[in-house]
Amino acid sequence: MLIELAAANAAYATIKASIGAGLELTQCAGALVNYFTAKSELAKRVESKTGPKNELEEFLALEKLKHQEAELKQFMIYCGRGGMWTDWQQFQAKAARDRKAEVKAEARRKHLRARAIQENLTLGLKVGSGLIGVMALCVGIIITVFKR
């Protein structure tokens, strides 16, 4: 969790310094990507149920990111183009829907693959059983023929 927080803080510091130096927000695209990636990874780690938990540390980290994102909102409103913040929110919502759809599609692919494997195994067992039955019948006929 500390790694993600440090990455988000470093990216945020870069954005803030760039804006302070008079650069446009679009010139900070790499730092923005790094910030939001680190924020997303931190949120996933906090939500996961694995590993030791420190609720206060997690809460404070998320609060710090919330404060930083509020400042980024102000940067987008006042240093970006008109409507940039709204467009960013719509973009994030679409990206979240796309990620969710991809997770569902992957789960569906895994389910269909498992089902195909199960059907193939069932077919293999049926064919194998049939062959064993035919072989047993042939052995029975051969034994009967040689006993006469």
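The values are calculated or read from the model by the stated rules, or taken from the named source; none is laboratory data. Because the structure is predicted, anything quoted here is derived from the model rather than measured. No Cβ is skipped: glycine too gets one built from the backbone with ideal geometry, and neighbour counts run over all protein chains shown.
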Query - Failed item, numbered, when residue 5 is tested on (1) over 17 Å from residue 92 (Cβ atoms); (2) part of a helix (DSSP H, G or I); (3) over 25 Å from the mean Cα position of the chain (by Cα) - result: (3)
Report summary line: If you go through 29, 8, 21, the only one that is of a type in the set (A, V, I, L, M, F, W, C) and within 13 Å of residue 68 (Cβ to Cβ) is 8
**Report entry** Unique match (being in a helix (DSSP H, G or I), farther than 28 Å from residue 20 by Cβ and of a type in the set (Gly, Ala, Ser)) among 93, 61
**Finding:** 93
Query raised in the report: Condition test on residue 26, is it assigned to a helix (DSSP H, G or I) and modelled with pLDDT under 80?
Result: yes
Report summary line: Restricting attention to segment 49-85, the residues that are of a type outside the set (Lys, Arg) and more than 19 Å from residue 7 (Cα to Cα) number exactly 17
Query - Residue within segment 110-123 that is under 46 Å from the mean Cα position of the chain (by Cα) and either under 30 Å from residue 36 (Cα atoms) or surrounded by fewer than 10 Cβ atoms within 10 Å (Cβ to Cβ) (or both) present - result: yes
Query - Leading residue by the ranking (farthest from residue 24 (Cα to Cα)) among those in segment 38-93 that are in the same structural domain as residue 19 (by TED's automatic domain parsing) and among the acidic types (Asp, Glu) - result: 55
